[in-house]
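Every number here is computed from the coordinates shown, using simple stated rules; none is lab data. Here the structure is a predicted model, which means the values were calculated and not measured. Glycine gets a Cβ as well: all are built from the backbone with ideal geometry, and neighbour counts include every protein chain shown.
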Amino acid sequence: MATKSIEADTGPYAKWQRVVADRYTDRSFVARNRSGVEVDPVYSGLDRDGGEAEMPGQYPYTRGIYPIHYQYQPWMDLQIIGFGLPSQTRERMDLLLQEGGSKGYFGREAYNFIFDMPTSMGYDPDYPGVRGSIGDCGISVCKARDYEVLLDGKDLEKTTVSMVLNAGSPGMLGLYLAAAKRRGFAFDKLGGNVTNYIWDFFGHSGGTNFSPKGSYRLIADIAAYCAKHVPLWNTLTISEHNICEAGATNVQAVAYSIAAIIAVNEECVKLGIALDDVVPRFGFHVRYGENFFEEIAKTRALRRVYAKVNRERFGCKKSSALQARIHAQTAGSLLTVQQPLNNLVRNAYGALSAILSGVNGMTINAYDEALGLPTEEAVTLSLRTSQIIAEETGAVHVSDPMGGSYYVEALTDDIERKVFEIIADIDDRGGLVACIESGWIKQQVSAAAYNWRQEVESGARTMVGVNKYVTDEPEQFKVFQPDPEAARLAIEDLERHRRERDDVRCTAALAALRHAAERVRDGHDIGSVMASLVEAADADATLGEMQAVLHDVFGRNK
């Protein structure tokens, strides 16, 4: 590592040197570029106040949460997987693994499952009116046995499982843990995350979610249970991505995401949960692809604001409670049906902006997602995009390579300032729950979405191939077709499951779940809902049956 001169051994760079020496011993992270010039793992300089600049891995983590990042720990490569039945999705999992994807940290396998809309909302395949959506745009999962099929032969202690869904999140985690229990895996060795989009009131996902107050009570329950029993599990992923996809600006999306963290923290404090026990397992799902430099800056600002809010507003002490973990995904709403190969380029630049801003995980959308479910070819190309960035561009050789850029630093400061202004406005309006219930948040997002659409329609905002550089030549692309029999097979399997289970045991477990839910709703026995969901799932209760109990107790959004 190249030596840098410093005036004293107490500044940020000197502290960074000591951390690196202690954490990585004698390992060198100096690389060489194409011309043979040595490239240091981090560069520093004077900040705008004339002092020594913050280094990566130092509060408030503007420059990243690790002192050395991709040089030591590459991002998790998590392509979205999910369609049809568990056995059919397993085929796509095996393809990605064969092609060098599905990589977690330090040799772990990692899978990013997305569920069909009925599952995402917590409905079983035989729920009235959902048949046409079964296995479409996600996997159909409704019982613990489905996870046994999906992950057959996998060592769950060496597998990271990410679950992307909405109101069905609590029950889905119960199904997974019950399946792991049946296979004899210790809960304290399981790693993964549940997105927990159960408060998604921004107009993006649709469907039936819990009431705002019920949502935050359930999030606190899951966090408390996992902190004690499944400590490696990430219990909450705030979806800045979904807020952007609904039409919010980058500033709005970051502000509303932080406001959601504030609401969860306040709920935990009210229930007597120590924040340092649960906050380290919170994270963010962030969108990239619309404005290259702004999205690098918003990531740096998000980390900074998150650290300040958790330390200064809530008194968190643990460094892990101040470090925003970020999973990146390229922008799905910007993918176009017109000239769909252009989406390859959009995704590549979105992914590069995420990497330059120092994210921890990556999902690159398939170029043909605007046409339908991704084909195997398109999914593989998305994986290759990530691999090219990682292994050909040199972007991984330096942590926070944009640090010190006049433009990016100014954007970061500006976004931070505007985010705090919106948070102050939300506080003045009674907090996020009050703003959701009044409809104010949705009004703000809808107005921003309308402005964006007007700019596209007028041509003020260019969409290549849509309102500029348009061609009338017809284009033919292969569209992936899920199994048309998926719905029939899922319903038949569910009916067989209900016939063969122990109904007495299942009924008793659902009654216990209702009792626990009522206790937690009233502020007692926090963590017992999640515990009861695991027991109910192990007793062969279905996702829809468990969800019906939770909706009865915690309410639905209006």
Looking only at region 53-94, which residues have a backbone nitrogen under 19 Å from a spot 7 Å from the Cα of Ser319 in the C-beta direction?
53-74
Put a dot 7 Å past each Cα toward the Cβ at Arg417 and Asp26; how far apart are the dots in nm?
5.0 nm
Most exposed first by the Cβ proxy, i.e. fewest other Cβ within 10 Å, how do Phe554, Phe420, Phe29 rank?
Phe420, Phe29, Phe554
Antiparallel %, DSSP beta bridges [both residues in the chain], to 5:
15 percent
Packing rank of 131-137, 463-469, where each peptide gets the mean count of other beta carbons within 10 Å, highest leading:
131-137, 463-469
Lys478 versus Gln98, label points 7 Å from Cα toward the beta carbon: distance in nm?
1.4 nm
State the Cα centre-to-centre distance between region 383-405 and region 270-292 in whole Å.
24 Å
Tail beyond 41 Å, pair distance distribution of the chain (Cα, percent)
21 percent
Modelled FRET efficiency - R0 60 Å, Asp428 with Arg182, Cβ distances, 0.05 increments
0.75
Taking the number of other C-beta atoms within 10 Å as the exposure measure, put Thr237, Thr25 in order starting with the fewest.
Thr25, Thr237
Please compute the length gained on full extension between Tyr127 and Lys442, using 0.36 nm multiplied by the number of residues separating them and subtracting their Cα-Cα distance.
110.5 nm
Counting other Cβ atoms within 10 Å, which trypsin sites (Lys or Arg not before Pro) in region 17-99 have at most 16 and lie in a DSSP loop?
Arg27, Arg34, Arg48
When the helix-only estimate is applied to the chain (DSSP H runs of n ≥ 4, each -39,500 (n - 2.57), divided by the residue count), what is the mean residue ellipticity at 222 nm, nearest 500 deg cm²/dmol?
-14500 deg cm²/dmol
Evaluate the distance, in nm, between pseudo-label points positioned 7 Å from the Cα of Glu455 and of Thr507 along their respective Cα→Cβ axes.
5.9 nm
Note the full-extension length gain between Lys158 and Val345 as 0.36 nm times their separation in residues minus their Cα-Cα distance, in nm to one decimal.
64.0 nm
Sort Asp124, Asp221, Asp277 so that the residue with the fewest other Cβ atoms within 10 Å of its own Cβ comes first and the one with the most comes last.
Asp277, Asp124, Asp221
Given 316-326, 255-265, the highest-first ranking by average Cβ count within 10 Å works out to 255-265, 316-326
Step through the residues of region 486-492 one at a time and calculate ³J(HN,Hα) from phi using the Karplus curve (6.51 cos²θ - 1.76 cosθ + 1.60, θ = phi - 60°), rounding each to whole Hz and writing x for Gly and Pro.
4, 4, 4, 5, 5, 5, 4
Exposed GluC sites (Glu not before Pro) absent - longest run of the chain, DSSP non-H/G/I/E/B, at most 16 other C-beta within 10 Å:
100-391
Under the Karplus curve 6.51 cos²θ - 1.76 cosθ + 1.60, θ = phi - 60°, whole-Hz ³J(HN,Hα) for region 88-96, x wherever Gly or Pro sits:
6, 5, 4, 4, 5, 4, 5, 4, 4
Scoring only Lys, Arg, Asp and Glu (+1, +1, -1, -1) among other residues with Cβ under 15 Å from the Cβ of Ala508 yields -3
